[in-house]
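Right, one structure below, let's go through it.
The values are calculated or read from the model by the stated rules, or taken from the named source; none is laboratory data. Keep in mind it's a predicted model, so treat the numbers as computed, not measured. Cβ atoms come from the backbone with ideal geometry, glycine included; neighbour counts cover every protein chain shown.
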Amino acid sequence: MYEKEKRLAKSYINGKVSRRSMLRGMASMGVTAATAGVLVNAAATQALAQNGFDWKKHAGTTVKLLLNQHPYADAMIANIENFKELTGMDVVYDIFPEDVYFDKVTAALSSGSSEYDAFMTGAYMTWTYGPAGWIDDLNEYIGDASKTNPDYNWEDMLEGVRDSCAWNGQPGGALGSDDAKQWCIPWGYEQNNLTYNSRMFKEAGLSIPTNLDELVGTASEAKSKLDGVYGIGVRGSRSWATIHPGFLSAYANFGQKDLNVSDDGKLSAAMNTDVSRSMHEKWVKMIQESGAPDWSTHTWYQAGTDLGAGKSAMIFDADILGYFMNGGDNAEAGNLSFAPFAANPDADAPTPNIWIWSLAMANASKKKDAAWYFMQWASGPEHGLFGATEMDFVNPVRKSVWADAGFRSRLDKSYSGYVDMHDLSAPGAKIHFTAQPLFFDLTTEWAATLQKMVASEVPVDEGLDQLAQSVDRQLKEAGLG
Amino acid sequence: MYQLIQGALERRIMATATVGDPPKRKFKINKKYLPYLLSLPALLTCIGILIPFFTAVAYSLQRYRLSQPWARKYNWGENYLNFMTDPSFWNTLKVSMTYAFVTVGVELLLGLGIALLLQKRTRFNNFVSIMLLMPLMTAPALASLMWKLMTNPGFGVLSYFAELIGIQDMRWASDPSTAMLTVVIVDVWVYTPFIMILLLAGLRSLPRQPFEAAELDGVPRLFVFWKITLPMLTPFLLTATLFRVIESIQQFDIIYAMTQGGPGDTLTVFQVEAYLNFFQSTNVGRSAALLMILWAITYFLSNIFIKNWLRLREKAHGDA
């Protein structure tokens, strides 16, 4: 059964037939596109098995993963049988919703438990986990030919994304520096750009904003012209997660930094400059005039679902949030479009701050080599392509996947402007924060200050000065300032 | 082979036969040790409670951030001293106390009022008192999510009612000026039944004679309430207040689920601040110090209530 189909898939992997011919051939044999994807991936896995690398080295070993409930995890689970077949290993996992996920990770890692061998994390979290000694530097695996298969192609990872997961552990140390430790492997990532409702924009005669001033104006216009709709969705909860998406992407585009690093490595607050004040004022005005009425409780979830439900005209947030809201049962599915966004009119290109879902290895794991087998497979080009073309594994972190014609045409077909937005923003996409251990303290306080400004409890000038003062005090207390 | 099996069977039969025999030696406990042995479970429980407590005390005296393990050391009272000059700590103290006293105050008034209304044992009153217990059976975190939807400025049913009565653009938990009010409403909704049921039980257990005598003498109802009901109910009121003050000063789930402590620092009560310090900032020392201060406040308040409760009990016994 499926022998003919398998042969066709193999021919495609070996480059003997084009993707289009392969799909047409599969269709003539009564195979759906989804099944064709699985067969192609099975063939790719077989090809992987023949690259001379000893995939069976850890056969019989079981690795346990800690996963966040996310489409990336879904894509991995959908493809896991191929990994098991390739390696003879078994994979078990626990999945938790995001609300409690990172508490679970902190508890598991800080207890020194060897229960989990690898887990999903964000790059920011590794600024805590790494120096605490809870996770391994993965450079020693990536660079070891006996542990990493020759087709892994580390250089294929987008540079800004790859570097954002590497830090030397020195407060203020540049991400991706020569002495940096690779605390995690990028898996999938999010750029922060504009997702707008093209139906609403057309109805209200709005044009796509190209800088922060225009964004403030367009959001206000959308609110006044569209009945029952607010102009722009951005996050506002009292959390570090309010600062990292649209806000920091715009902030970085003005050339602003969160912290200054002196020559002797001391850190100090950098958010009370004149340019920063002006940017904050515009941002606050935008939320006051056209943001969600309950903005201060908005997380990514509310920002996304409001867009999908047609309650907001656009979001300046994670592109993949717009991607998911453009499908499924959402009221506005099919109406959403994407645009790159550079807040600074003088900037050449957008500089999105990014969130990277990554894979890290628990230091307490007793099966590190086996865990690395899983990690290199899950972050490898074959699984990346499978996830991107057959599942919702966006945004992929590999250049080869972004170059895949099938993937690009799939995005172009249903997600207007997505590919162009990505291509234009990717060169400037990276983590724009200063890596240091107080990241969550300082950004949470920043979010709280922003809330006070929006509620007019404190003027922007005064709020930023107070914030800078508090940041400096905390840095000093922690021996970093 | 046969002999072997037979031998084994005989030994088995002998062993079985000895099962029912009375034991030769009786295990005797020296009476001197009996009290210690009997109090051993309590001692073990105490140790189980004290180990985490003293661990927290030790952490609170350390500079201890999980993200800076190399800098971990005892700094003794420095975490506590830092609080003195930290405006966010004083804000936490103020917010926690305000929240505790406002919620408990409102809940006491409402709980007492409802209990008085339901005092008489009728089928209707019994049914209503069971119905009123429903919110208490809802997990506070779920109640918060429910209220979060009802107070959504866009589509919440309460926002709709607010507009009907002329309150435009009510932002509930999203606005610093109404955030405290919103979480207090949720707390009151969840916990008033607790006070109501406790006071109802108290009211129904009061001796009837003083009330019958007052009724015969034609004493006005308000006078009966102030001079007979309230004084006799005071131990129950104190118990209810004690439980609720301890709980509400340690409130976490309602506030965190609704606002995460915001907007700004409007609702950063002790538990929320300690939670964020530990899980988000991994600042174990500061988090533990905050919780030790919360423990001290709770201990101090509990002491006041218990002392008053004992004084009232003694007075009641003396009067008798």
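Give segment A:449-481 a look and list any residue that's of a type in the set (Lys, Arg), crowded, with 16+ Cβ neighbours inside 10 Å and either at pLDDT below 95 or outside any helix (DSSP H, G or I) (or both), or say none. Before you say what the answer is, go through the steps one by one.
Within segment A:449-481, the subset of a type in the set (Lys, Arg) is A:452, A:473, A:476.
Among the residues that remain, those that are also crowded, with 16+ Cβ neighbours inside 10 Å are: A:452.
None - no residue of segment A:449-481 is of a type in the set (Lys, Arg), crowded, with 16+ Cβ neighbours inside 10 Å and either at pLDDT below 95 or outside any helix (DSSP H, G or I) (or both), so the list stays empty.
Would you mind stating whether A:Ala270 is at pLDDT 95 or above and over 30 Å from A:Trp127 (Cβ atoms)? Write out each step before concluding.
On the way: at pLDDT 95 or above: yes; over 30 Å from A:Trp127 (Cβ atoms): no.
Spelling it out, it is not the case that A:Ala270 is at pLDDT 95 or above and over 30 Å from A:Trp127 (Cβ atoms).
Take A:Tyr251 and tell me if it is assigned to a strand (DSSP E or B), more than 14 Å from chain B (Cβ to nearest Cβ), surrounded by 23 or more Cβ atoms within 10 Å (Cβ to Cβ) and touching a Ser or Thr at 6+ places or on another chain (Cβ under 9 Å). So that I can check it myself, show each step before the final result.
On the way: assigned to a strand (DSSP E or B): no; more than 14 Å from chain B (Cβ to nearest Cβ): yes; surrounded by 23 or more Cβ atoms within 10 Å (Cβ to Cβ): yes; touching a Ser or Thr at 6+ places or on another chain (Cβ under 9 Å): yes.
Judged against the criteria, A:Tyr251 is not a match.
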Of (1) more than 18 Å from the chain's Cα centre (by Cα); (2) surrounded by fewer than 24 Cβ atoms within 10 Å (Cβ to Cβ), A:Pro381 satisfies every one except (1)
If you go through A:Gly417, A:Gly406, A:Gly387, A:Gly428, the only one that is of a type in the set (Gly, Ala, Ser) and touching a Lys or Arg at 6+ places or on another chain (Cβ under 8 Å) is A:Gly406
Note on segment A:149-159: residues charged (D, E, K, R) and either surrounded by 18 or more Cβ atoms within 10 Å (Cβ to Cβ) or part of a helix (DSSP H, G or I) (or both) are A:Glu155, A:Asp156, A:Glu159
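Taking the conditions exactly as written (touching a helix residue (DSSP H, G or I) at 6+ places or on another chain (Cβ under 6 Å) and either within 18 Å of A:Leu467 (Cβ to Cβ) or in a helix (DSSP H, G or I) (or both)), does A:Ser220 satisfy them or not? Walk me through how you get there before you give the answer.
On the way: touching a helix residue (DSSP H, G or I) at 6+ places or on another chain (Cβ under 6 Å): yes; either within 18 Å of A:Leu467 (Cβ to Cβ) or in a helix (DSSP H, G or I) (or both): yes.
Criteria met by A:Ser220.
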Counting only residues in segment A:425-466 that are more than 9 Å from chain B (Cβ to nearest Cβ) and touching a Phe, Trp or Tyr at 6+ places or on another chain (Cβ under 6 Å), the one nearest to A:Ser262 (Cα to Cα) is identified as A:Ala435
The condition of being within 14 Å of chain B (Cβ to nearest Cβ), crowded, with 16+ Cβ neighbours inside 10 Å and of a type in the set (S, T, N, Q) holds, among A:Thr87, A:Thr106, only for A:Thr106
Can you find a residue in segment B:307-315 that is more than 9 Å from every other protein chain (Cβ to nearest Cβ), touching a helix residue (DSSP H, G or I) at 6+ places or on another chain (Cβ under 9 Å) and buried (at least 22 other Cβ atoms within 10 Å of the Cβ)? no
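Please indicate, with yes or no, whether at least one residue in segment A:329-347 is modelled with pLDDT under 95 and more than 25 Å from A:Trp283 (Cβ to Cβ).
Taking segment A:329-347 first, the residues modelled with pLDDT under 95 are A:329.
With the extra rule that they be more than 25 Å from A:Trp283 (Cβ to Cβ), the set shrinks to A:329.
Yes.
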| request: Tell me, yes or no, whether segment B:183-199 has at least one residue that is without any contact (Cβ under 8 Å) to a residue 24 or more places away in the chain and among the hydrophobic types (A, V, I, L, M, F, W, C). | output: no
Of (1) assigned to a loop (DSSP other than H, G, I, E, B); (2) within 19 Å of A:Ala360 (Cβ to Cβ); (3) not basic (Lys, Arg), A:Ser146 satisfies every one except (2)
Every listed condition ((1) more than 12 Å from chain A (Cβ to nearest Cβ); (2) without any contact (Cβ under 8 Å) to a residue 40 or more places away in the chain; (3) within 24 Å of A:Asp294 (Cα to Cα); (4) of a type in the set (Val, Ile, Thr)) holds for B:Val272 save (1)
Selection over segment A:264-279 where residues are acidic (Asp, Glu) and assigned to a helix (DSSP H, G or I) yields a count of 1
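Residues to consider are B:Leu200, B:Leu230, B:Leu132; find the one that is touching a Leu at 6+ places or on another chain (Cβ under 7 Å) and either modelled with pLDDT of 95 or more or farther than 23 Å from A:Ala292 by Cβ (or both). I'd like the intermediate steps shown before the answer.
Working: B:Leu230 fails: touching a Leu at 6+ places or on another chain (Cβ under 7 Å); B:Leu132 fails: touching a Leu at 6+ places or on another chain (Cβ under 7 Å).
Unique residue meeting the criteria: B:Leu200.
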Checklist entry - Restricting attention to segment A:343-363, does a residue exist that is over 22 Å from the mean Cα position of the chain (by Cα) and not assigned by TED's automatic domain parsing to the domain that holds A:Lys452? => result yes
Among residues of segment A:123-143 being in contact (Cβ under 8 Å) with a residue 24 or more places away in the chain and out of contact with any helix residue (DSSP H, G or I) (no Cβ under 8 Å at 6 or more places or on another chain), the residue nearest to A:His298 (Cα to Cα) is A:Thr126
- request: Would you confirm whether any residue within segment B:195-205 is over 22 Å from the mean Cα position of the chain (by Cα) and either under 25 Å from A:Ala448 (Cβ atoms) or aromatic (Phe, Trp, Tyr) (or both)?
  value: no
